[in-house]
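To start, the structure under review is shown below, and the notes come after it.
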Amino acid sequence: MAKKVKSNATTPDYFLVCGLGSLGQQAVIALKRFGVPVLAIEQAHLSRYEIPDFPDLLEQLIIGDCAYEPTLRQLNLAACRAAVLATSTDQVNIETALMIRQRNPQTRLVVRSSKENLNQLLCEQLGNFIAYDPLELPANAYALAALGSETLGFFKLGDQWLHVVSQGLPPHHPWLNQQHLYQLNKKTRRILAHRSPGTSWSSQFDALETNLRLQPHDDVIYIELVDYWSRQQQPTTHSGVSSRATLGPSHFSQLNQGTPARQQVWQVLSSAFWRQRYRQVKQWFGDRPVILLATVVISLLFLLGTLLLYTSLADISLPSAFYSTAVLLLGGYGDLFENLEQAKQNQWLLQPLSLLLTLAGTAAVGILYALLTENLLAKQFSLIPRRLNLPAKNHVVIVGFGRVGQRVARLLQEWRQSFVCITLTGDLSRLQQEGIPLIREDLPACLTTAKLTKAKSVVVVTDEDLVNLEVALLTQKLNPAADLIIRTNKTGLSNSLMGLLPQAKVLDIYRLAAEVFVGAAFGENIINLLQVNHKTVLVTEYQIEDHDTLVGLLIGEVAHGYGVVPIQYQQAQHPDPLYFPTDDIILRSGDRLVVLATIEGLKKIEIQDRRPKTWRIVIESVRNEDAAFEGANLLSRMSGCSLKQACAAMANHPQTVVTPLYHPQALRLARSLKKIQVTTRLVELNTAQGNPPQAQL
């Protein structure tokens, strides 16, 4: 939820951080960006901090065990609005959370914990509690970085997938047929950022000028709805991953409005579905040539035996000949011997062929038993597959298969991106049975086996910083064209690596996680995170409640005033969410709003630091009474002014509407009024008495 208006002087103001490891220190830094006072507990004095002059950032530092009640008594927990429990031990964090909840039922608890089921139970029992695993949170950012510079984000809200894309506009790009940037905004797409050649990306979402004219070689970043079901049609290898990269805007269809049941029917009827099944069967037989040969021979003998019995035996129908051949294949020669003796013709051929069918059937049954035994043993004992099918090129190499590496691999597998994993420890059999291509050898040999020179991206996420550095330097030497993504655990090393390898994407795992923890400490639900223009963008959910600072605001006021991008809105008591809502929806208690926001955007919402509105709209002429009626409704709805003021502006023109607007709001309103033949112009508040600029519509 957004921050509530203070009701009394005892409202908690302090934020507590327990554990000053890498995550705890980064959480303190993120909290100080909000300008809030921070208290901290650390078990022992640290000889060195990762951040210079770190103790000066704290209001109070207590040395002791945070799960020890006398230590907590040294704090005024009644004044703690939230506690970020970031020690390296899950048990300590959870014990501390229980003790804090006993002393203050209102404190927001943000806990570092990998116990998923326990976290859910504690959330239900304690209330105002949320837990994250910091090693899994940034995995989405690592996986997205591996997809290349085009894909910046891919996440799911409810049942809908959303895709964040960076798109260049070459001279013949179809988007250049649109004159203005705002024309690219659709019901399934929203433009986030734009830059012209030679300029840099803006660091804020609210700096986008939607009235700009598009030019060749411009770059845009946008978010769009995608139909994840359509991606299931992509070809896959026997290991369950795609043989080529399939993620990108050209591989997505627009939002499919059909029901899931209808989608499944069309999927089965589609030619792509059967082509995929054919490739799977072909691959399966290709790995088992003996079974393929036996199948061909048995099929030919079956056909020949059926035809021969049908033509040689008197009073036998074709179905009877078919079943008699099946009996012979299953070893029933003795059951049919008398009938074979009574054959009037082809007896010299019928009896040897029947014997051959019996022998072939016996061999086929033996092969079938062997195949079943192999599968049962493989299921029971997780036998290693005889051959590991590795991608040949344009794949992602994941170095390090700990918890972070496993999460990255699962995401890439779900997104149908071909990849191969390298690990220096661990058991391969179970993971390979699950369809994850995994290599375990010496480091140089692993890189050769993984075909590093043909890879499009390398994700280095081992737990050891020195190993990550070694792999990064080897990758830079062997394949300098590959996108290199490096995990670091310390801020100082991150800064050094960015200087040493300027083309690499160096992601500090704890800095990424800390921004999620801090966003959650202010009461928001952080759904996901992604990296856009070297900035961490949080997918944040707001549940609007009574007295929240967002109640009564237009969505446009939230977006342009705080510099966030609303991507989903759900009205209270309404089951269907609305994606990319328009600016003129009023937020009310019980509504739900999901936005893309940087930590600065969350801070602005928290402290109610909304940009001032500096534009007004002037009604110059109205064509007729119908235009005046429609224009008054538009003006009232889109600007937030009263209907009485809007009618007065339409009746007495030229008239300056008193209600100020943000520039994107004013431009959109002017365009809408122009369509119903109401002439307007825009003026800035500080130029209203001079020669105001005419808006270009």
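Per-structure values
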| read-out | value |
| --- | --- |
| Answer from 550, 529 - the residue that is among the hydrophobic types (A, V, I, L, M, F, W, C) and part of a strand (DSSP E or B) | 529 |
| Scope segment 558-570; condition touching a residue at least 60 places away in the same chain (Cβ under 8 Å) and open to solvent by 20 Å² or more (accessible area, probe 1.4 Å); matching residues | 560 |
| Segment 534-551 residues that are among the charged types (D, E, K, R), paired with ones that are assigned to a strand (DSSP E or B) and surrounded by 15 or more Cβ atoms within 10 Å (Cβ to Cβ) (beta carbon under 6 Å, 6 or more apart) | 541/525; 541/527; 541/594 |
| Residue that is nearest to residue 649 (Cα to Cα), among those in segment 571-593 that are surrounded by 20 or more Cβ atoms within 10 Å (Cβ to Cβ) and of a type in the set (A, V, I, L, M, F, W, C) | 587 |
| Check on residue 137, more than 20 Å from residue 509 (Cα to Cα) and either open to solvent by 50 Å² or more (accessible area, probe 1.4 Å) or hydrophobic (A, V, I, L, M, F, W, C) (or both) | no |
| Failed item, numbered, when residue 61 is tested on (1) under 34 Å from the mean Cα position of the chain (by Cα); (2) open to solvent by 20 Å² or more (accessible area, probe 1.4 Å); (3) at pLDDT 90 or above; (4) not β-branched (Val, Ile, Thr) | (1) |
| Residue 459, sole failed condition from (1) within 10 Å of residue 397 (Cα to Cα); (2) free of Cβ contacts under 8 Å to residues at least 12 places away in the same chain | (2) |
| Test: residue in segment 613-622 that is polar (S, T, N, Q) and open to solvent by less than 40 Å² (accessible area, probe 1.4 Å) | no |
| From 144, 122, 118, 109, residue being out of contact with any helix residue (DSSP H, G or I) (no Cβ under 6 Å at 6 or more places or on another chain), surrounded by 21 or more Cβ atoms within 10 Å (Cβ to Cβ) and free of Cβ contacts under 8 Å to residues at least 60 places away in the same chain | 122 |
| From the options 167, 160, residue that is open to solvent by 10 Å² or more (accessible area, probe 1.4 Å), more than 13 Å from the chain's Cα centre (by Cα) and not aromatic (Phe, Trp, Tyr) | 167 |
| Of the criteria (1) touching a residue at least 40 places away in the same chain (Cβ under 8 Å); (2) closer than 30 Å to residue 18 by Cα; (3) crowded, with 18+ Cβ neighbours inside 10 Å, which one residue 97 fails | (1) |
| Whichever residue in segment 25-35 is open to solvent by less than 20 Å² (accessible area, probe 1.4 Å) and either outside any helix (DSSP H, G or I) or closer than 12 Å to residue 56 by Cβ (or both) and, among such residues, is modelled with the highest pLDDT | 28 |
| Residue ID - least open to solvent (accessible area, probe 1.4 Å), chosen from residues in segment 599-612 that are farther than 16 Å from residue 555 by Cβ and more than 22 Å from the chain's Cα centre (by Cα) | 606 |
| Single unsatisfied condition, residue 166 versus (1) in a helix (DSSP H, G or I); (2) within 16 Å of residue 483 (Cα to Cα) | (1) |
| Some residue of segment 420-431 being open to solvent by less than 80 Å² (accessible area, probe 1.4 Å), at pLDDT below 85 and acidic (Asp, Glu) | no |
| The listed residue being part of a strand (DSSP E or B) and open to solvent by less than 30 Å² (accessible area, probe 1.4 Å), out of 667, 596 | 596 |
| Of the criteria (1) under 19 Å from residue 28 (Cα atoms); (2) within 22 Å of the chain's Cα centre (by Cα); (3) of a type in the set (Ser, Thr, Tyr), which one residue 107 fails | (2) |
| Cβ pairs under 8 Å, 6+ apart, first in segment 159-188 and among the basic types (Lys, Arg), second not in a loop (DSSP other than H, G, I, E, B) | 187/579 |
| Qualifying residue in segment 623-631 (condition: under 12 Å from residue 583 (Cβ atoms) and of a type in the set (Phe, Trp, Tyr)) | no |
| Single unsatisfied condition, residue 517 versus (1) in contact with a Ser or Thr (Cβ under 9 Å, 6 or more places away or on another chain); (2) part of a helix (DSSP H, G or I); (3) at pLDDT 80 or above | (1) |
| Single condition residue 181 does not satisfy, out of (1) at pLDDT 80 or above; (2) out of contact with any Asp or Glu (no Cβ under 6 Å at 6 or more places or on another chain); (3) closer than 28 Å to residue 411 by Cα | (3) |
| In segment 636-656, residue most open to solvent (accessible area, probe 1.4 Å) [restricted to those that are small (Gly, Ala, Ser) and either assigned to a helix (DSSP H, G or I) or in contact (Cβ under 8 Å) with a residue 40 or more places away in the chain (or both)] | 651 |
| Filtered residues of segment 80-89 (kept if more than 18 Å from residue 520 (Cα to Cα) and not in a loop (DSSP other than H, G, I, E, B)) | none |
| Hey, residue 660 touching a strand residue (DSSP E or B) at 6+ places or on another chain (Cβ under 9 Å), within 28 Å of residue 208 (Cα to Cα) and without any contact (Cβ under 8 Å) to a residue 40 or more places away in the chain or not | no |
| Single match in 553, 538, 530 (criterion: open to solvent by 10 Å² or more (accessible area, probe 1.4 Å), farther than 19 Å from residue 188 by Cα, among the hydrophobic types (A, V, I, L, M, F, W, C) and touching a helix residue (DSSP H, G or I) at 6+ places or on another chain (Cβ under 9 Å)) | 553 |
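The values are calculated or read from the model by the stated rules, or taken from the named source; none is laboratory data. It should be emphasised that the depicted structure is a prediction, and the values quoted were computed from it without experimental measurement. All Cβ positions, glycine included, derive from the backbone under ideal geometry; neighbour counts span all protein chains shown. Keep in mind that these areas ignore ligands, DNA and RNA; they rest on the heavy atoms of the full protein, side chains included. Shrake-Rupley method; radii C 1.70, N 1.55, O 1.52, S 1.80 Å.
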